[in-house]
Structures are given as C-alpha cells and as structure tokens.
Amino acid sequence: MTTSAIAVSGLRKAFKDKTVLDGIDLDVPAGTVFSLLGPNGAGKTTTVNVLTTLMAADGGTVRVAGHDVATAAKAVRKVIGVTGQFAAVDELLTGQENLQLMVDLLGIGSGEGKRVVTELLERFDLAESAQKPASTYSGGMRRKLDLAMTLVGNPRIIFLDEPTTGLDPRSRRTMWTIIRELVADGVTIFLTTQYLDEADQLADRIAVLDQGRIVAQGTPDELKRQLPGTHVRLRFSTVGELDAAAQLFADSTRDDEALALRVPSDGGTRSLRAVLDRLDEYALSAEEFSVHTPDLDDVFLALTGHSTEVVAK
C-alpha cells in the first residue's frame with residue numbers, strides 16, 4: 001500500500017469575507033511529483049502556505065509526513081523543504097557561504113557540513129562558481145543554489161513554488177533533471193507551476209484548482225482523456241476555399257480569422273487519408289495540415305475558462 005506524504009481533507013481558508021479554499025481534498029503518494037495548477041487567485045499559494053505551516057487553516061485536516069500541521073508544526077518543518085517563487089539567496093555571500101549558512105542554521109556538524117556543501121555544489125554544477133558572490137550568478141544559477149540550500153537538511157518532502165519562472169529553456173530543463181533525480185531518490189515533490197508543459201513532463205498526478213475548489217484531479221493522460229477533440233486542422237488561403245471545405249465536413253468547426261477548419265478525427269492514418277481524399281475529390285488544397293490532440297492547455301481552458309497565460313500564484 002502506497003504511503004501518503006501529504007493528505008488533505010476538507011481544507012478551508014478565508015480572508016475576511018472572501019473564501020479562498022472551499023473544502024479541498026488532496027492525496028500525494030510518497031516519492032511522486034504532484035502538481036497543483038490554477039489561474040491567478042485560485043488559492044495555490046494559500047494551499048502551499050497552509051501545508052508548510054506558514055498559515056493556519058480555518059477548517060479541515062492536513063497531514064504532512066504523517067504529522068498534523070496544526071498540532072505538530074515543528075515535526076512537519078523538520079521533514080520538509082520549501083523553494084519559493086523567487087530565489088531566497090543572500091547576494092552578498094558566495095554560493096559556498098550561502099550553503100554553509102544553511103548548515104550552521106540547521107546545526108550540522110563541521111565535518112558532515114563540509115561534505116554536504118561540497119556534494120551539493122558538485123551536484124548542481126556550481127563548484128566553479130562557489131567562491132563568487134551570488135549577485136554575479138545568472139537567474140538559472142540562483143535557482144539552482146536556492147534549491148541546493150533547501151536540500152541541505154535532506155528533506156523528504158519539497159514544495160516548489162514555480163521553480164522555473166523566468167528561466168531560459170536550458171535552465172528549465174536542467175531543473176527538470178534535478179527534480180527527476182530527487183524523485184528517483186524517494187523525495188516527494190509538491191509543485192506549482194505556470195508552465196503546463198512542465199506539469200505534463202514532471203507530474204505523476206495533477207490537481208486543477210479554480211475559485212477555491214478542486215475541479216479535476218488525475219494523471220496528465222487521464223485529464224487529457226476527459227476532453228474529446230482530436231482533430232485535423234486545415235488552413236486555407238482564401239475564404240472561398242474555407243467555405244467550400246466547410247460544406248464537405250458536416251462536423252467541422254471553422255475559424256474565419258485564421259482561415260482554418262477543424263475536422264474531428266481519431267488521428268489515425270485511415271481517417272487522415274479520408275480527409276485528404278475528400279479535399280482532392282473537390283479540387284481543394286490546404287496550405288497547412290496538422291493533427292491536434294488535447295493537451296493540458298486545452299484541459300485547463302475547458303475546466304477554468306482561462307488561458308494558460310494567467311496561470312500564476
């Protein structure tokens with residue numbers, strides 16, 4: 001039986017007369033990546049704050065690593081690590097000094113502390129920059145140092161609040177590799193992100209939070225399967241061609257601005273050939289032809305009515 005690293009039941013939180021969390025339930029198995037998605041103001045950051053003992057809930061129960069966050073906050077803090085939206089490094093200190101600061105704060109012995117600092121600098125490819133002030137680090141390097149500082153205490157549950165925001169594609173993928181390595185070591189990751197492809201790549205399970213409620217939960221594939229919508233997209237050069245093609249496919253949906261037609265399809269070669277043969281039969285030719293299957297962007301839009309551009313805190 002899989003152990004729950006995080007178990008949330010009926011979690012409620014309000015600020016004055018505004019209900020932010022309206023009775024949410026979550027279960028995060030140990031050693032997995034769980035991603036919480038939602039539009040701006042959905043309550044994601046509030047959820048993280050409650051789970052990490054930074055904020056008290058108004059109702060419900062929350063257990064992290066088996067400890068009740070309301071009655072055993074100190075025990076919870078001993079087993080978790082938190083990396084916030086912005087790198088919490090001291091820019092006046094070097095990379096090594098930032099890590100040594102965490103070692104000292106956690107009361108780790110000098111011998112063990114030196115070993116931990118050396119290993120983390122090497123693991124995060126920061127050894128060559130270890131003696132340079134953090135103020136000289138790039139955004140990707142600061143995020144890596146921030147996560148390395150979180151790992152000094154060897155937490156078994158890590159909360160990552162939008163860890164790759166503002167990073168270039170290469171730095172994002174480096175962070176993804178580090179996250180996968182942590183999970184391979186048995187660490188549980190609770191991830192909030194504004195990049196749906198990131199959740200798709202990393203998460204074992206996803207929950208979509210909207211207006212304080214969980215509106216969907218499951219694996220990325222399970223969420224995608226909730227949406228019908230695999231289709232062939234045809235783009236034409238003229239409105240006349242679009243009109244003619246739309247008459248050939250009764251179930252199609254047109255986009256006049258893009259001069260495009262969406263034709264329902266299972267994406268298989270037989271159905272694709274049938275679409276092309278039908279166009280050819282009537283001497284029609286599409287400028288562009290592509291097959292589209294529902295992705296997390298489609299799921300998010302269908303569930304919340306918002307585009308991914310507003311996915312944030």
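Restricting attention to segment 172-222, the residues being in contact with a Lys or Arg (Cβ under 6 Å, 6 or more places away or on another chain) and more than 18 Å from Asp27 (Cα to Cα) number 0.
So if I check each of Leu284, Leu301, which one is among the hydrophobic types (A, V, I, L, M, F, W, C), part of a loop (DSSP other than H, G, I, E, B) and free of Cβ contacts under 8 Å to residues at least 60 places away in the same chain?
Details: Leu301 fails: part of a loop (DSSP other than H, G, I, E, B).
Going through Leu284, Leu301 in turn, just one is among the hydrophobic types (A, V, I, L, M, F, W, C), part of a loop (DSSP other than H, G, I, E, B) and free of Cβ contacts under 8 Å to residues at least 60 places away in the same chain: Leu284.
Here are Val116, Val103, Val76: which of them is in the same structural domain as Leu145 (by TED's automatic domain parsing) and not aromatic (Phe, Trp, Tyr)? First the steps, then the outcome.
Working: Val116 fails: in the same structural domain as Leu145 (by TED's automatic domain parsing); Val103 fails: in the same structural domain as Leu145 (by TED's automatic domain parsing).
The match here is Val76.
Looking at segment 232-254, which of its residues are exposed (fewer than 12 other Cβ atoms within 10 Å of the Cβ) and in a helix (DSSP H, G or I)? It would help to see each step written out before you state the result.
Within segment 232-254, the first condition is being exposed (fewer than 12 other Cβ atoms within 10 Å of the Cβ), and the residues that meet it are 238-240, 247, 250-251.
Of everything in segment 232-254, those that are exposed (fewer than 12 other Cβ atoms within 10 Å of the Cβ) and in a helix (DSSP H, G or I) turn out to be Val239, Gly240, Gln247.
For segment 255-275, the tally of residues that are out of contact with any Phe, Trp or Tyr (no Cβ under 8 Å at 6 or more places or on another chain) and in a helix (DSSP H, G or I) stands at 6. Based on this model, can you work out whether Gly95 counts as in the same structural domain as Ala216 (by TED's automatic domain parsing) and either closer than 18 Å to Leu151 by Cα or not β-branched (Val, Ile, Thr) (or both)? No; evaluated as a whole, the condition is false for this residue.
The values are calculated or read from the model by the stated rules, or taken from the named source; none is laboratory data. Everything numeric here is computed off the predicted structure, so don't read it as measured data. Counting neighbours? That spans all protein chains shown, and the Cβs are built from the backbone with ideal geometry, glycine included.
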